[in-house]
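Presented below is the structure to which this report refers.
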Amino acid sequence: MKLGDQKASSNVEDRRGISVGGGLGVGSVVIAVIAYFLGFDPGAVLNMAEQVVPQRESREAPKGAPADEMGQFVSKVLGSTESVWGKILQRSNSQYRAPTLVLYDGQVRSACGMSQAAMGPFYCSGDEKLYIDLSFFRDLKTRFSAPGDFAQAYVIAHEVGHHVQKISGTFQRMETARGRASQSEQNQISVRMELQADCYAGVWGHHAGIMNQLESGDVAEALNAATAIGDDRLQKQAQGRVVPESFTHGSSEQRVRWFKRGMASGLPKDCDTFSAGSP
Ligand SMILES: [Zn+2]
């Protein structure tokens with residue numbers, strides 16, 4: 001990526017090196033490990049993991065773009081998503097309410113409960129913050145063989161995609177629908193949510209291209225990452241077999257296809273994963 005001219009977002013909270021106190025019960029650690037293999041956004045899991053003694057954080061987290069290289073990178077990517085979604089929402093006469101990105105290491109407390117780095121990056125709709133432990137980017141490169149700065153940016157843009165779902169009311173509708181659904185229906189709703197977030201990441205990528213922020217090979221990096229974190233690929237790695245009914249994020253093919261769709265047009269309306277018969 002070429003982010004030299006991109007202004008870093010100040011909507012960043014740097015909780016790296018800040019201990020949260022308390023601890024997760026054994027049961028929730030097991031759940032967390034399972035959630036990791038299922039993918040991102042362990043929202044439902046987090047609710048189950050509320051077995052923690054609340055404690056105050058040891059000190060206030062600094063706000064604003066961190067000065068280190070990775071901190072600058074994520075702040076600039078976040079800044080780029082703010083410009084893009086700001087412009088898109090302006091066209092329909094609404095204002096973009098930007099989310100906050102929280103950097104942490106080890107474990108973190110959010111409005112969604114306690115979570116651990118092993119769960120991967122996630123968005124918490126309760127506090128409208130994205131949570132990223134930068135060790136995930138190392139995993140992306142080594143464990144999932146998906147290197148590259150645009151692969152990392154795609155992960156951030158995907159979480160921002162969930163925030164767009166929150167402010168557009170999709171999150172709310174999904175929660176309502178999930179309340180009366182069976183487990184396999186819930187999983188299907190979750191897959192549609194995730195694929196839409198992938199498509200929104202593509203929408204951002206389209207506009208990042210227009211802003212001259214992409215380099216050759218960038219799109220291939222994102223597609224490679226989307227392939228690497230498809231449910232079928234992760235399940236095969238974790239348990240040697242694939243159980244499509246248990247998918248919560250979509251197959252590699254689906255993730256790639258929806259990212260490409262957003263990337264091609266740059267239009268959020270092309271990201272309707274809910275009306276498509278089979279997404
Ligand atoms: Zn997601």
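Summary of values
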quantity	calculated
Unique residue being more than 16 Å from the ligand (Cβ to nearest atom) and among the β-branched types (V, I, T) when the list is V84, V155, V164	V84
Any pair with Cβ under 9 angstrom, 6 or more apart, that starts in the stretch 69-80 at a residue that is more than 9 Å from Q152 (Cβ to Cβ) and ends at one that is acidic (D, E) and surrounded by 19 or more Cβ atoms within 10 Å (Cβ to Cβ)	G71/D14
Filtered residues of the stretch 223-279 (kept if within 16 Å of the ligand (Cβ to nearest atom), surrounded by 18 or more Cβ atoms within 10 Å (Cβ to Cβ) and outside any helix (DSSP H, G or I))	I229, G230, F247, T248, H249, G250, S251, T273, P279
Matching residues in the stretch 175-211 - criterion: being of a type outside the set (F, W, Y) and within 12 Å of the ligand (Cβ to nearest atom)	S190, V191, R192, M193, E194, L195, Q196, A197, D198, C199, A201
Within the stretch 87-141, strands (runs of 3 or more DSSP E) holding 2 or more residues that are closer than 17 Å to P66 by Cα	100-104, 129-133
So F150, is it away from the ligand (no atom under 13 Å from the Cβ) and buried (at least 20 other Cβ atoms within 10 Å of the Cβ)	yes
Number of the exception - L214 against (1) under 19 Å from the mean Cα position of the chain (by Cα); (2) more than 16 Å from the ligand (Cβ to nearest atom); (3) farther than 16 Å from G161 by Cα	(1)
The stretch 234-279, residues that are modelled with pLDDT under 90 and on the phi > 0 side of the Ramachandran plot	G240, G250
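The values are calculated or read from the model by the stated rules, or taken from the named source; none is laboratory data. Computed from a prediction, not measured in an experiment: that's the story for all the values here. With ideal geometry, Cβ positions are generated from the backbone for all residues, glycine too; neighbour counts draw on all protein chains shown.
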